[in-house]
Structures are given as C-alpha cells and as structure tokens.
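Read the structure below first, then the notes.
The values are calculated or read from the model by the stated rules, or taken from the named source; none is laboratory data. Since we're looking at a predicted model, the values are computed, not measured. All Cβ positions, even for glycine, are placed from backbone atoms using ideal geometry, and neighbour counts span all protein chains on display.
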Amino acid sequence: MTNSVTVLIPAHNEADFIAIAVESAFSQSVPPQKVLVIADSCTDGTARIAAECGAEVIEVGFASKPRSLNHALERVTTSHVALLDADGYFASRQVFDTCLRVMDEHGYGGVCLSVTPHSSTGLFQRSRAVEWASAHRISRIVETWHGWVAVLSGSAGLYRVDDLRAVGGWSADSLCEDVELALKMNRHGRPAGFVRGEFVAVRDPRGWREYWAQTHRWASGWAQAIDKHKGLFFRSWGFTKVFGAMMVDSALLAAGYVSLLYHLATGFTEFDAVRWFGSWFLVMAAVTLTTASLQLGVRRALACYPAYLLVGTLGTAFALWVMFREWVLGRHLVSWTGRQRRRTVVTPISDRRRRALGLLGSGAGWGTALLGAVRGDTGLAAAGIALAVAVPFAALPWRRIRRTLLLV
C-alpha cells in the first residue's frame, strides 16, 4: 500500500501563526493529501486564514484538543496522519519522508520529532532549547533502546491511521493525551518511536504565569498516567525500565532538594558542600552542556544554560510538589488554565487519606522522638514531637471546620 498523509492541525485562536503552520505542512517533499485545520472555539480569524492558505477547515466547539483530533480522525482516508500544533511548524521539507521511512523500517505505529523553540532570545526559549536538546540526546535515545518511547509529543508526530484507531485515538480524559497515546500504543503492540534529526519548532511560554500553568498540567498528567498504568510495572520490562528510571530520578531529585534545604538551614555544619553538592552539580552541568551542544552548538548551549539553570530548577521543584500532591495527598488536577481559559480545578483530599496520612505522620514523629530520647539527642526528640503534633494538625479538615464555624 502506498503511503499517504493527512495533516491535522488543532487550533484555538491562532490567527497570528496558523498560516505558517499550514504552509509548512503543504511544503513537504511528500505532499499531504489534505490539511485539516480544526478550529476549536475560535473567536479570531484562524478559520478564515487557514482556508485562504488552502486548508480544509472544521469548526467545532469542544474546547478540547483530543476531542477535536478524534473528530477530525473520522474524516481521514489516508494510510497515515500527521499532527502539528497550530503555533508550530515543520523545520524541514523532509519531515514526512524521513518519518515514513523510519516507521516502515522499524514497524512503529507512531513517531514523534525533536522539538525546538521558534527562537532562543527569551528566558523560557533559552531554557527550553537546552532542556529539549539534552533530552533528545539522552532520554529519547535511551527510551528507543529499551523499546518504549514514553511520549508521542503533542507538538508534532506521524501515526498509522489503523493503529491510531485501534487504540481509540487520543484520550479525552487525560491531561497529557500525548503521554497516554504512547502508553496505549506500546501496550497494544504498536510501538512508539522517535525520529532523530527532524524538528518541529514551537512557541514557548511568554511569561511565568503561562509557564507555571503548563508545568502544572505536564507534571499532573505524567503522575496520573503512571498511576493509571502502574499495573505494567514488572509485567512490561520496557515500561519498568523507562518509567522506573523516571521515578527513581524524581525521588533522587526530591531527596536532593530536601537535603539542600536542610543543610542551608544548618549552615552546612554537617555536610561538605563543596566536595559533594559542588561535584554533583559540575557533573550534571557537564553532561547537560555536552549533550545540548551536540544539537545547539557550544556557544549557543553556553549562552542558554543560565536560563535553563534558573527556569529548570524552579520548574523541577514545582513539578516534584505536584507529583507529591497527586500521589501522596491524592489531590488531582482535573482542569487547567490553558488557552481555553478554564478555571484550574484540583480535587480535595479524601477523608480516608487525610486520616491515614495524619496517623502515619504522627507515628513517624513519635518514633523519631523516641529515637532522639534513646540517643540523648534533644534536638532530634524535639523535632519528632513537633512532627507528631504538626502533621495530624495539618491533616484536620480545615475547610469544613471553617464552614461550620461560619454557620454557627
């Protein structure tokens, strides 16, 4: 069967960029049979401009990217479908040609591309340039070795239509439909892959508010996807290695932050900061800069690294808190403040989990206090007592108590 491609471009108020996205799709050396722009709840000129550029436009009001994509998928008659975000563009004319060749060689059900910012002139763009370049040279390649690519990036990708339909398309109940899609395809024997050397250029956050919202969604979506598919641990060796490594990495990062905060508070009296933390930082900086330089070049990687260090450190700390909230506190993000301007909604902690965490914290506190008493360490004993009191106190249903008091 001859390969043929339909391009899906989901868009919400992207009048300022939709023409570039559509033109990059039509300019491929393997020309698409059709370019479908799904204008979802648009109030600007997105639909008109896309039609003027030669795209077929479907106007919907789902206010949901996965639902828009699944709606358009019903109209696809080609063997393959390509995805491109409306604020992105294919960086070369050979993207489809390369992706189709790689998919045929390896039997992939879907592949994703390398991602790069439109430019590297702003704080977030510089940070993402290093983050993505390093990830492409480490994470994606290692995932490919293990036969389990963890995410089919929602920025751009190419998929076999039959395989995509066989797994139910994009999941409308997921915050990260691209992570969910990779998991579903790998689970059903339609492996996800990564194509090196072909890029999609995307628009990055233009301010801290948008960055926090995006990081919140990504971290919550990852946590929820891993929890949803946790039954694959030790049943699928590829999943166990890839996602297990991610969880170990997250645990080590969390331990590092806690350790750093502790030693900052104690003035590093019990810790040789230069020998341990300094050495670890230098190793990680060298690995990041080396791998990023392979894609960006040495000068650009060095110029972007300070932004990566600032934004990446703050973003990682925030993501760790979000994963703690999702997995430990059981509070789940169910709606986020994306471009659809929905109100952020996080579910409350359940009474059962609240009681369990209160008892666990109290037990850990009294155990620490007892250990301090046995050792004759008054500081440790005092810290244990404080923990034993503070955790159950924090676990009280304060919102319910406050409402009750207001009614009295």
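Values as computed for the structure displayed
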quantity: Residue count for region 346-361, restricted to those that are without any contact (Cβ under 8 Å) to a residue 40 or more places away in the chain and either among the hydroxyl-bearing types (S, T, Y) or in a helix (DSSP H, G or I) (or both); calculated: 10
quantity: Per-region count, region 97-149, residues closer than 25 Å to A25 by Cβ, among the hydroxyl-bearing types (S, T, Y) and under 21 Å from the mean Cα position of the chain (by Cα); calculated: 4
quantity: Some residue of region 193-214 being touching a Lys or Arg at 6+ places or on another chain (Cβ under 6 Å) and among the hydrophobic types (A, V, I, L, M, F, W, C); calculated: yes
quantity: Whichever residue in region 14-37 is in a loop (DSSP other than H, G, I, E, B) and in contact with a strand residue (DSSP E or B) (Cβ under 9 Å, 6 or more places away or on another chain) and, among such residues, is farthest from Y89 (Cα to Cα); calculated: Q33
quantity: Contacts under 7 angstrom Cβ, first residue in region 197-211 being more than 15 Å from S114 (Cβ to Cβ), partner hydroxyl-bearing (S, T, Y), 6 or more apart; calculated: P205/Y211
quantity: Lone unmet requirement of (1) part of a helix (DSSP H, G or I); (2) out of contact with any strand residue (DSSP E or B) (no Cβ under 8 Å at 6 or more places or on another chain) for S174; calculated: (1)
quantity: Residue in region 144-165 that is out of contact with any Leu (no Cβ under 8 Å at 6 or more places or on another chain), without any contact (Cβ under 8 Å) to a residue 24 or more places away in the chain and of a type in the set (A, V, I, L, M, F, W, C) present; calculated: yes
quantity: Filtered residues of region 291-339 (kept if surrounded by 19 or more Cβ atoms within 10 Å (Cβ to Cβ), closer than 30 Å to L357 by Cα and among the small types (G, A, S)); calculated: G315, A319
quantity: Those residues of region 370-398 which are surrounded by 13 or more Cβ atoms within 10 Å (Cβ to Cβ) and outside any helix (DSSP H, G or I), in sequence order; calculated: D377, A395, P397
quantity: Helices (runs of 4 or more DSSP H) contained entirely in region 177-273, each with at least 2 residues that are in the same structural domain as A21 (by TED's automatic domain parsing), at pLDDT 90 or above and in contact with a Phe, Trp or Tyr (Cβ under 9 Å, 6 or more places away or on another chain); calculated: none
quantity: Options S114, S79, S127, S139: the member that is at pLDDT below 95, of a type in the set (S, T, N, Q) and in contact with a Lys or Arg (Cβ under 9 Å, 6 or more places away or on another chain); calculated: S114
